[in-house]
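Participant: Have a look at the structure that comes next, please.
The values are calculated or read from the model by the stated rules, or taken from the named source; none is laboratory data. Quantities reported herein were computed from a predicted structural model and do not represent experimental measurements. So basically every Cβ, Gly included, is an ideal-geometry build from the backbone, and we count neighbours across all protein chains shown.
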Ligand SMILES: [Zn+2]
């Protein structure tokens, strides 16, 4: 282990940021710097925590809560650069370090949450909170901090603490096993086909199936695999009903095939441990524990959303099924309509109803103009402007740097964006922060970044986006605005530090402005002719958006309801898969649609804790964004200034400084109903 004495955190480019515009000096950061700097920064943070916990003075907000929040700056700095590199520009050195650093970090932070002297000081402040004369934000941060400690077991006796640690450890290895089992089933299963079996398949699918076969040592053949990107188009396009049935059954049985990779017992054990954990911490159920710090707060609130949606989705799906059965009969099928027929006939119906190719839109969506559109909408809504600074070295030559200014010309934030795919970048699109924005201590200006994976065009040609890609760009930029417009005192409630079922509101809401006619007229200009996108083309594109809503909503909502059914009870079902079947029967689940994720491969819920009792969050956010944009539509002005100001103040600037329900109501005047979301989905 390298000596930590050799690292001067106050001068090292990973921790003391002295590059242009106050960015890290990326040009002078080497891959081998990370490991010794991490060790030094962890040690420094430990010393800070010890000093706070061991302080002889009585606890104050200043010497305890603020000291805790402002501590670990060097660790924050090196971490943020490291995780940026690990996602956007990795290599073997970084990957090896990742495996080393993850467990180190988790040990470090669990030691802090189990630090009894530290908790005693927090608890002392918490007990006196009403008499400390605190402003609302500080009070909320104190309460959240205290709750965080308690939820980590700080109030349990020694026995309880030991049991909780054991449960957490077991849950974490079971979660890893769950994910690896699904992966094993996905890896081990393939259906090899030959040219004669490919009737109906589009070229893009044939080439990915050819590649999948070659990777499995069957060059010249075609493989159906259980990766969603092959399975879904295969069951959508294949004319071969027998093959669709084989693929469907294999896909829905992932994790339930007996043998070493079977997840039945893993799930049973996890549900038992989760129920025990909730009881140990004094909650009525695991769902009650998980929902405690969300916007929904209770299982009942989740059901108040999901139950009416479920009714509508069942009706819509039943009507859709009739139409699909008619198509199947016309096509000469006399088999009973089955789950492996749904996508296939739905695609036929789509082709019949909307003769329309998304590729027609692409020439109108030039990357640089879509970026301009993103900025322009932010200027119109929030008064901020963007100025690109060329020639600044960031983590990779493709990363671009923008200075973000307030209406009065003062600097608000830095925005960095790295748009193109490359082998060293993981797939997907995301937003993150090199530095978050807050006022505590000396304060900090946000440095926010977006990572995309658009195909890089040949030199000199403009990059063109699909509609989905343009939407993704708006989505991630919405998250970025949440980080950049933040206006809070405390770091732990800055920017996107909000609950899981609230964090997608700023991003999903922002997507709506992409298709506002005034935005498209100005920015969606044909790459050759410079003419704006014809309205008829846009209308056709918008009309296809609600197609197939019955199927999609039944697929999603059934998974969300099963997730809640497992976790909202005080105990655990002895046989989870039987419980799944019985619950679906009670719900009148149609046998022609499968859950989007069945229990034995429901990674959101079982491969770790992230979305357990939380799969509903996706729809919850959709309710919020549909209702929030409806507020603008109701005024007839998508940039209504008074509303935009309320949106800035209560949603984009407020972070987690207040309860999300309070924030939303301050913006909208009331809580949302699912109506606007159901209209958006085409369910009513
Ligand atoms: Zn998002």
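Participant: Residue check: is residue 437 within 16 Å of the ligand (Cβ to nearest atom) and either at pLDDT 95 or above or surrounded by fewer than 19 Cβ atoms within 10 Å (Cβ to Cβ) (or both)?
Facilitator: So residue 437 fails the test.
Participant: Looking at region 94-103, can you tell me whether even one residue there is surrounded by 19 or more Cβ atoms within 10 Å (Cβ to Cβ) and touching a helix residue (DSSP H, G or I) at 6+ places or on another chain (Cβ under 7 Å)?
Facilitator: Yes; the residues of region 94-103 include at least one that is surrounded by 19 or more Cβ atoms within 10 Å (Cβ to Cβ) and touching a helix residue (DSSP H, G or I) at 6+ places or on another chain (Cβ under 7 Å).
Participant: Can you pull out every residue in region 484-504 that is over 20 Å from residue 142 (Cβ atoms) and within 14 Å of the ligand (Cβ to nearest atom)?
Facilitator: 496, 500, 501, 502, 503, 504
Participant: Still on this model: Could you pull out the residue among 427, 466, 444 that is within 16 Å of the ligand (Cβ to nearest atom) and either free of Cβ contacts under 8 Å to residues at least 40 places away in the same chain or assigned by the TED database to the domain that holds residue 382 (or both)?
Facilitator: The match here is 427.
Participant: I would also like to ask the following. Collect the residues in region 253-272 that are surrounded by fewer than 19 Cβ atoms within 10 Å (Cβ to Cβ) and in a helix (DSSP H, G or I), keeping them in residue-number order.
Facilitator: Hits for region 253-272 are 264, 265, 268, 269, 272.
Here's the yes/no breakdown for (1) under 30 Å from residue 338 (Cβ atoms); (2) modelled with pLDDT of 95 or more:
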| residue | (1), (2) |
| --- | --- |
| 229 | yes, no |
| 248 | yes, yes |
| 269 | no, yes |
| 273 | no, yes |
| 276 | no, yes |
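Participant: Would you point out which residue out of 447, 498 is surrounded by 23 or more Cβ atoms within 10 Å (Cβ to Cβ) and more than 29 Å from residue 604 (Cβ to Cβ)?
Facilitator: From the options 447, 498, the qualifying one is 447.
Participant: Here is a follow-up. Only helices (runs of 4 or more DSSP H) wholly contained in region 477-588 count here; list those with 1 or more residues that are modelled with pLDDT of 95 or more.
Facilitator: Here the list reads 505-511, 517-523, 549-567, 576-586.
Participant: Would you mind finding the one in 634, 580 that is more than 22 Å from the chain's Cα centre (by Cα) and closer than 30 Å to residue 179 by Cβ?
Facilitator: 580
Participant: Ok, one more. List pairs: first in region 476-493 and within 14 Å of residue 411 (Cα to Cα) and assigned by the TED database to the domain that holds residue 411, second more than 12 Å from the ligand (Cβ to nearest atom) and part of a helix (DSSP H, G or I), Cβ under 6 Å, 6+ apart or cross-chain?
Facilitator: Taking only residues 6 or more apart or on different chains, the pairs are 485/652.
Participant: For region 621-628, does any single residue satisfy the condition of being touching a helix residue (DSSP H, G or I) at 6+ places or on another chain (Cβ under 8 Å), over 15 Å from residue 561 (Cα atoms) and surrounded by fewer than 16 Cβ atoms within 10 Å (Cβ to Cβ)?
Facilitator: No, region 621-628 contains no residue that is touching a helix residue (DSSP H, G or I) at 6+ places or on another chain (Cβ under 8 Å), over 15 Å from residue 561 (Cα atoms) and surrounded by fewer than 16 Cβ atoms within 10 Å (Cβ to Cβ).
Participant: Additional query: Tell me, yes or no, whether region 417-424 has at least one residue that is in the same structural domain as residue 625 (by the TED database) and within 16 Å of the ligand (Cβ to nearest atom).
Facilitator: The answer is yes; a qualifying residue exists.
Participant: Of the residues in region 458-473, how many are surrounded by fewer than 24 Cβ atoms within 10 Å (Cβ to Cβ) and part of a helix (DSSP H, G or I)?
Facilitator: 5
Participant: Which residues, taken from region 589-604, are farther than 16 Å from residue 286 by Cβ, outside any helix (DSSP H, G or I) and under 22 Å from the mean Cα position of the chain (by Cα)?
Facilitator: 595, 596, 597, 598
Participant: Could you please find all residues in region 505-526 being within 18 Å of residue 470 (Cβ to Cβ) and either within 22 Å of the chain's Cα centre (by Cα) or within 12 Å of the ligand (Cβ to nearest atom) (or both)?
Facilitator: Correct list: 506, 507, 508, 509, 510, 511, 512, 513, 514.
Participant: Inside region 427-457, can you point out the residues that are assigned to a loop (DSSP other than H, G, I, E, B), closer than 14 Å to residue 367 by Cβ and out of contact with any strand residue (DSSP E or B) (no Cβ under 7 Å at 6 or more places or on another chain)?
Facilitator: Answer for region 427-457, where residues must be assigned to a loop (DSSP other than H, G, I, E, B), closer than 14 Å to residue 367 by Cβ and out of contact with any strand residue (DSSP E or B) (no Cβ under 7 Å at 6 or more places or on another chain): 455, 457.
Participant: Among the residues of region 638-658, which ones are touching a helix residue (DSSP H, G or I) at 6+ places or on another chain (Cβ under 8 Å) and part of a loop (DSSP other than H, G, I, E, B)?
Facilitator: Across region 638-658, the qualifying residues are 638, 639, 640, 654, 655, 656, 657, 658.
Participant: Which condition breaks for residue 476 when tested against (1) touching a strand residue (DSSP E or B) at 6+ places or on another chain (Cβ under 6 Å); (2) away from the ligand (no atom under 11 Å from the Cβ); (3) over 25 Å from residue 70 (Cβ atoms)?
Facilitator: Among (1) touching a strand residue (DSSP E or B) at 6+ places or on another chain (Cβ under 6 Å); (2) away from the ligand (no atom under 11 Å from the Cβ); (3) over 25 Å from residue 70 (Cβ atoms), residue 476 violates only (2).
Participant: Residues that are touching a helix residue (DSSP H, G or I) at 6+ places or on another chain (Cβ under 8 Å) and either closer than 30 Å to residue 136 by Cα or within 16 Å of the ligand (Cβ to nearest atom) (or both): does region 537-552 have at least one?
Facilitator: no
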